[in-house]
Amino acid sequence: MTLSQLPVPTIFLYCIAIAAVLVYAPFVLVAYARLGLGKEALAAPRAVFDRLPPYAQRATWAHQNAFEAFMLFAAAALMAYVTGVDRSVAVGAALAFLVARLLHSVFYIANIPLARSLMFGIGSICTATLIIFSLLQANTN
């Protein structure tokens, strides 16, 4: 089954699940960096933050930021699901959010602030789009 064959509400649910996975994607690099620090990093992971390489520190921040973005996106996608939003623009916004958040983490870890900020903005616009379409849909029901 291809994406175009899935019902719109199902796409919103898949996007929420994928966004949840993306929250933890940057943490893979953090875990890798911690392995190089030995047992202390496992026993007291927050205490060794300053000893992590810069890319792993940025990956930690990307991971934390992803939690913040996920909460709003999940609420917005659930709003679209519950209200029965059936617009291709809303599906595009949900899918664009996933791409923007993946690239946000990549740019954060690679230390490219302008691109990172652009991806943050795009993701925020996508979330707002879902909220707006949900509210419009709720007012037509």
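For residue 112, no residue has an amide H sitting under 5 Å from its own, ignoring neighbours fewer than 5 places away on the same chain, with H placed 1.01 Å from N. Note that segment 127-138 has calculated 3J(HN,Hα) couplings of 4, 4, 4, 5, 5, 4, 4, 5, 5, 5, 5, 5 Hz, one per residue in order, obtained from phi through the Karplus relation 6.51 cos²θ - 1.76 cosθ + 1.60 (θ = phi - 60°); glycine and proline are x. Of the trypsin sites (Lys or Arg not before Pro) found in segment 18-90, those in coil by DSSP whose Cβ has at most 16 other Cβ atoms within 10 Å are 46, 87. Between residue 139 and residue 86, the contour length at 0.36 nm per residue exceeds the Cα-Cα span by 17.6 nm.
Measuring r between the beta carbons of residue 78 and residue 117 and using R0 = 30 Å, the FRET efficiency lands at 0.65. Ligands, DNA and RNA aside, residue 105 has an accessible area near 10 Å² when probed at 1.4 Å. Calculated mean residue ellipticity, 222 nm, the chain: -27000 deg cm²/dmol, from DSSP H runs (n ≥ 4) at -39500 (n - 2.57) each, averaged per residue and rounded to 500. The eigenvalues of the Cα gyration tensor, multiplied by 5 and square-rooted, give segment 34-111 an equivalent ellipsoid with semi-axes of 35, 14, 8 Å from largest to smallest. For segment 22-27, the Karplus equation 6.51 cos²θ - 1.76 cosθ + 1.60, evaluated at θ = phi - 60°, returns couplings of 5, 4, 8, 4, x, 5 Hz by residue, with Gly and Pro reported as x. Rounded to the nearest whole Hz, the Karplus-based 3J(HN,Hα) values (6.51 cos²θ - 1.76 cosθ + 1.60, θ = phi - 60°) of segment 99-108 follow the sequence 5, 4, 6, 4, 5, 4, 5, 4, 5, 5, with x at glycine and proline. Using Cβ point charges alone (K and R +1, D and E -1), the dipole size of segment 32-136 about the Cα centre works out to roughly 260 debye. With contacts taken as Cα pairs under 8 Å and at least 6 residues apart, the chain reaches a relative contact order of 30 percent. Projecting the Cα atoms of 127, 45, 15 onto the dipole axis of the chain, where Lys and Arg carry +1 and Asp and Glu carry -1 at the beta carbon, places 45 farthest toward the positive end. In this structure segment 19-69 gives 59 Å² per residue of accessible area when probed at 1.4 Å with all protein chains present. When the P(r) is computed for the chain, the part past 22 Å accounts for 45% of the Cα-Cα pairs.
Counting heavy atoms of the protein chains alone, residue 112 has an accessible area of about 80 Å² for a 1.4 Å probe.
For segment 99-141, the spherically averaged projection of the C-alpha convex hull amounts to 2.8 nm².
The values are calculated or read from the model by the stated rules, or taken from the named source; none is laboratory data. In this text, all values refer to a predicted model and were calculated from it rather than measured experimentally. Cβ sites come from the backbone with ideal geometry, for glycine too, and all protein chains shown count toward neighbours. Ligands, DNA and RNA are excluded from the accessible area calculation, which covers all protein heavy atoms including side chains. Shrake-Rupley method; radii C 1.70, N 1.55, O 1.52, S 1.80 Å.
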